[in-house]
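Notes follow the structure.
The values are calculated or read from the model by the stated rules, or taken from the named source; none is laboratory data. This is a predicted model, so every value here is computed, not measured. No Cβ is skipped: glycine too gets one built from the backbone with ideal geometry, and neighbour counts run over all protein chains shown.
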Amino acid sequence: MVPLLKPAHVQARLQFAKEHPDDPEEAWEKVMWSDETKIELFEIKTPLAVFWRKKEGEYNSKNTIPTMKHGGGNMMLWGCFSAKSTGRLHRIEGRMDGATYREILGKNLLALVRALKMGRRWVFQHDNDPKHTARATKEWLHKKHFKVLESPSQSLDLNPVENLWRELKLCVAQRQPQNLKDLEKTCMEKWAKILAAVCANLVKNYRK
């Protein structure tokens, strides 16, 4: 999928490329990539089926296919990963604003960096969503002494975590959870089972 780009987006992407032309592979291995995504129940539609039925029986339950309005519910997730492993997957409860975002980072980020032994030169990546670039968030990150790599907007293809979201959503489609509780459980289980080699390969191929 190719993102819709305005001239400003193109310029930002070019600038991003100019700022990181010769970054060694080891530098990308120090990055903690992060992102949010929305996952729907019954997100993947079944193939279209065509069949004939008699007019007098057109509304018989045997001849109809039930549908679920608005996908049956959804949930927002925040996740992160590095070349070493997936990080924590966090379900976002309620409205996602700057305060909620900073709370998620406070509960998850530093503990994960220490657990993965990423060292002092690690870098935190997020895109320039308004919640991420808000003054309060920037000040919070500065006080924590976190070095930040901001990706340009409309540039999902520049964040390798999108590949993990795709795998997660395919797994959900295959497992077909029937409610939000099962959906959350499925997501958490799948995320925890993503191999370290998959993470390492995504980062290794990032510059290609």
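Please note which strands (runs of 3 or more DSSP E) are completely contained in region 73-134 and include at least 2 residues that are farther than 24 Å from residue 169 by Cα.
Result: 123-127.
Can you tell me how many residues within region 174-190 are assigned to a helix (DSSP H, G or I), surrounded by 14 or more Cβ atoms within 10 Å (Cβ to Cβ) and of a type outside the set (S, T, N, Q)?
Of the residues in that region, 8 qualify.
Can you name every residue in region 186-205 that is under 18 Å from residue 31 (Cα atoms), within 16 Å of the chain's Cα centre (by Cα) and not β-branched (Val, Ile, Thr)?
Result: 199, 202.
Say whether the condition of being surrounded by 15 or more Cβ atoms within 10 Å (Cβ to Cβ), modelled with pLDDT of 50 or more and either touching a Phe, Trp or Tyr at 6+ places or on another chain (Cβ under 7 Å) or more than 30 Å from residue 201 (Cα to Cα) (or both) is met by at least one residue in region 48-61.
For region 48-61, residues surrounded by 15 or more Cβ atoms within 10 Å (Cβ to Cβ), modelled with pLDDT of 50 or more and either touching a Phe, Trp or Tyr at 6+ places or on another chain (Cβ under 7 Å) or more than 30 Å from residue 201 (Cα to Cα) (or both): absent.
Name the single residue, out of those in region 194-204 being in contact with a strand residue (DSSP E or B) (Cβ under 9 Å, 6 or more places away or on another chain) and part of a helix (DSSP H, G or I), that is surrounded by the fewest Cβ atoms within 10 Å (Cβ to Cβ).
That would be 196.
Can you pull out every residue in region 101-133 that is touching a Cys at 6+ places or on another chain (Cβ under 8 Å) and closer than 14 Å to residue 144 by Cα?
108, 109
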